[in-house]
Amino acid sequence: MRPFSYERASSPAEAAAAVANMVGARFIAGGTNLLDLMKSGIEAPTHLVDINGIGLDSIEDTPEGGLRIGALVRNTDLAADIRVRRDYGVLSRALLAGASGQLRNKATTAGNLLQRTRCPYFYDTNMPCNKRSPGSGCAAIGGFTRQLGVIGTSEACIATNPSDMAVAMRLLDAQVETVRPDGSTRSIPMADFHRLPGATPNIETALTPSELITYVTLPRPLGGTHIYQKVRDRASYAFALVSIAAVLQRDGTGRVAVGGVAHKPWRIEPAEAELPNGAKAVSARLFASAVPTHENEFKITLAERTLAGVLATGRASA
Ligand code: SF4
């Protein structure tokens, strides 16, 4: 690990200004991803700004009937919150499907949204990777691709987003609230928060340099049956091959988002109009532009079959 300096911030605006004031500075909160990346030599910040003392650690009701989740609310606390369990069950289930109990106790809401891909070549500093080292190439293309993306990929990168929580947040149409170093704030829809790789897979989100996530806001509850079904190579502590987040209504309508298949949570709203016609019809719309490899084309079939199971569960509990 390379040497770095460290400071504790006392407010969101102060933290954003501190990162803006030093080249190579980074925020740190739970550190469950960043510290691993630093030990591996993939990230080498010159300065860490600790944001654990800036507040943003509570969940508040909004006047609109939703929830405003502080950026530093731990994954364990978010999953256990009675309002989340009652009104946003898909979010609670997605959180509990991720990582381990120990990691969820440390990992934060904002950090979960910002975790980096688990592409094995990204973690191997001997291999070319456009995400880790822009312009160096992509070792995954033509390599081992079973875990990687099938849709929204590019010639520069075929990695997937590893977050379970983000799939549920996308399904729920969450908004990501931020503060910039000049103190200005903005709200970014989850649909626009994560980017597809294009020619710049190193730029993963809509955040600008030094912009700090302050809250994630959920709109009013949707009602219906909430399901998060994750398919992985072992029963726990593994990233999704495919995951399905769904909110299903009694009249056969609903929402569906897919994890483990793209550089961002994959949701195509027009595909949801096909829900009354079954999983095959929805899947055909969701994956119409898929470009899988011969090693990961199974993910499309797996997603369709997992969705079929989710829809059957939804019908049984309606
Ligand atoms: Fe890097 Fe993306 Fe290629 Fe993986 S798929 S090696 S993350 S550029």
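Readers should treat all values here as calculations from the given coordinates under stated rules, not as data from a laboratory. A quick note: this is a predicted structure, and the numbers were derived from the prediction, not measured. Because the Cβ atoms are built from the backbone with ideal geometry, glycine has one as well, and the counts that use them run over all protein chains shown.
Which FRET efficiency, nearest 0.05, do residue 253 and residue 280 yield, Cβ-Cβ r, R0 22 Å? Intermediate values should be presented prior to the final figure.
Numbers: r = 17 Å, r/R0 = 0.79.
Approximately 0.80, to the nearest 0.05.
Hey, fewest Cβ within 10 Å first, where do 182, 87 land in order? Please list the in-between numbers first.
Numbers: 182 10, 87 20.
Final ranking by Cβ density, sparse to dense: 182, 87.
Could you tell me the distance between the Cα centroids of segment 251-318 and segment 49-113, to the nearest Å?
That distance is 26 Å.
Between residue 28 and residues 5 or more places away or on another chain, which pairs have amide H atoms under 5 Å apart, with H built 1.01 Å from N, and which residues are they?
49, 50, 51
Which order, highest average first, do 53-61, 257-265 follow once you tally other Cβ atoms within 10 Å for each residue and take the mean per peptide? Could the numbers behind the result be given before it?
Details: 53-61: 15.9, 257-265: 27.8.
Most protected by this proxy first, the peptides run 257-265, 53-61.
Run through segment 240-297 and list the trypsin sites (Lys or Arg not before Pro) located in a DSSP loop whose Cβ has at most 14 other Cβ atoms within 10 Å. Walk me through the numbers on the way to the answer.
Details: sites: 250, 255, 267, 280, 285; in loops: 250, 267.
Sparse-neighbourhood loop trypsin sites (Lys or Arg not before Pro): 250.
Starting with the highest mean, order 89-97, 39-47, 124-132 by the number of other Cβ atoms within 10 Å, averaged over the residues of each peptide.
Working: 89-97: 23.6, 39-47: 14.8, 124-132: 18.0.
So the peptides 89-97, 39-47, 124-132, ranked by packing, come out 89-97, 124-132, 39-47.
Once you have a ≥ b ≥ c as the square roots of the Cα gyration tensor eigenvalues for segment 1-133, tell me rounded if a/c is under 1.5, and otherwise prolate or oblate according to whether a/b is larger than b/c.
oblate
Kindly write out, for segment 42-50 in residue order, the coupling ³J(HN,Hα) from the Karplus curve 6.51 cos²θ - 1.76 cosθ + 1.60 (θ = phi - 60°), rounded to whole Hz, with x marking Gly and Pro.
Taking θ as phi minus 60°, the curve returns 7, 10, 9, x, 7, 7, 10, 9, 7 Hz for segment 42-50.
Once you have the alpha carbon radius of gyration of the chain, what is it after dividing by 2.2 N^0.38 Å, with N set to its residue count? Don't jump to the answer; show the numbers that get you there.
On the way: Rg = 19.2 Å, N = 318, 2.2 N^0.38 = 19.6 Å.
Taking N as the residue count of the chain, the ratio is 0.98.
With a 10 Å Cβ neighbour count serving as the proxy for reagent exposure, in which order, fewest first, do 210, 5 appear?
Details: 210 21, 5 11.
Exposure proxy ranking, most exposed first: 5, 210.
Of 131/280; 39/230; 131/264; 106/299, which pairs sit farther than 25 Å apart, going by alpha carbon to alpha carbon?
Numbers: 131/280 34 Å; 39/230 29 Å; 131/264 14 Å; 106/299 31 Å.
In this structure, 131/280; 39/230; 106/299 exceed 25 Å between Cα atoms.
Using only Cα atoms, what is the ratio of the radius of gyration of segment 15-81 to 2.2 N^0.38 Å?
Working: Rg = 14.9 Å, N = 67, 2.2 N^0.38 = 10.9 Å.
Rg over 2.2 N^0.38 Å, computed on Cα atoms: 1.37.
What FRET efficiency comes out for the pair residue 61/residue 187, r = Cβ-Cβ distance, R0 = 22 Å, nearest 0.05?
E between residue 61 and residue 187, to the nearest 0.05, is 0.80.
What is the spin-label model distance, in nm, from residue 235 to residue 313 if the labels are put 7 Å beyond Cα along the C-beta direction?
1.6 nm
Which translational diffusion coefficient, to the nearest whole µm²/s, is obtained for segment 188-279 from the Stokes-Einstein equation, given a Kirkwood hydrodynamic radius over C-alpha pairs, 10 °C and 1.306 mPa s?
102 µm²/s
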